[in-house]
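One structure is given below, encoded as structure tokens.
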């Protein structure tokens, strides 16, 4: 068992509060992703778990042990960094072996561990090479292998794929998912990239200014955002949200849930004029100017001309309060939206 609990974690640098009061438990064996924009506190949280930074106050437990005052090397964790942190003068084998030598692991056991992990991550043909002779993806595999030979309770990964090109990032995402399933270990992964978060994690934690905005599965976070922050962070393009459709409420709907051809049962129908088009394979992103402001539409429909009517069904509409949190879809809201539809000539 390798579960992690953060209790009443407060982190500040002087007067700058990074994390006001964080309470969080990460279950054993999960692939948990901390996601959010730069400065949201995700990397600071990871570094505190690793022991590279100490909380201003609060407790951090790995299993049932409070590790706040435990050295990083004695926490049973391994960290994979964004910049790989490989020794340039050492071969791949020597880089992987370095930590084992420091721990005085016997030679025969070292060789077996290196051979085993090299086979898992596909490094066997490259053990004699230096890091400068490897591709970015291969260097990242060396960093992973170096972490794996430690047999840690927990793998911590801080933006490990950000230096790779788009194609290689996609490939490495798949490999990390497969590696997690194979090892069955606890993975905690930090990224600012929502695609990485949604495609890799089974447990997503979205943060802003050191506060958890939502924690859920990828599917739940996309289909059931609990606030406007989550709704607009997750999804490409982000959710359309307007505070000028209904008094005291914010109305939201995703660009891909709009239609430019009337489905016959739309609740919202809004006239607009297309101002930009972005063709993305079979789909097109359109920016539409309306009386409520700009609306993003994602469609596979053929579009003739500039004038259009945007249709949205009731089941695709989200309602938020002025505080940004989700609220129920009250009957009076539906009545008001039906008036909007009729007024638009839907």
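Where a number appears in this text, it was derived from the coordinates with a stated rule and is not lab data. Just so it is clear, the model here is predicted, and its values are computed rather than measured. So basically every Cβ, Gly included, is an ideal-geometry build from the backbone, and we count neighbours across all protein chains shown.
Here are the numbers for this structure:
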item	result
Principal-axis tilt of helix 92-102 within the chain, Cα atoms, nearest 10 degrees	70
Ascending count of other beta-carbon atoms within 10 Å, so fewest first, for 154, 92	154, 92
Ascending count of other beta-carbon atoms within 10 Å, so fewest first, for 43, 38, 217	38, 217, 43
Residues residue 52 and residue 217, FRET efficiency given R0 of 22 Å [Cβ-Cβ distance, rounded to 0.05]	0.15
Computed over the chain: relative contact order in percent, which uses C-alpha pairs under 8 Å that are six or more apart	16
Helix-only [θ]222 nm of the chain, DSSP H runs n ≥ 4, -39500 (n - 2.57) each, per residue, nearest 500	-8500 deg cm²/dmol
Fraction of antiparallel bridges per DSSP, the stretch 156-270 only, in percent to nearest 5	75
In degrees, nearest ten, helix 136-148 long axis to first principal axis of the chain (Cα)	60
Taking the stretch 237-343 and dividing mean pair separation by its residue count, relative contact order in percent (alpha carbons under 8 Å, at least six apart)	33
Alpha carbon centroid spacing (whole Å) that separates the stretch 37-103 from the stretch 239-305	45
DSSP beta bridge pairing in the chain, given as percent antiparallel to the nearest 5	75
Pair residue 59, residue 168: separation of 7 Å Cα→Cβ label points (nm)	4.4
Model label zone, residue 17; criterion: amide N under 19 Å from point 7 Å along Cα-to-beta-carbon; scope the stretch 200-219	207-214
Degrees, to the nearest 10: 166-183 long Cα axis against longest axis of the chain	60
Simple label model, 7 Å out from Cα along Cβ direction - residue 181 to residue 71, nm	3.9
Likely footprinting exposure, 276, 45, 186, fewest C-beta neighbours within 10 Å first	276, 186, 45
Binned Cα-Cα distances of the stretch 237-343, short to long, each 5 Å bin given as a whole percent	2, 12, 24, 26, 19, 10, 5, 1, 0
Cβ-derived FRET efficiency at R0 41 Å, residue 224 paired with residue 83, nearest 0.05	0.65
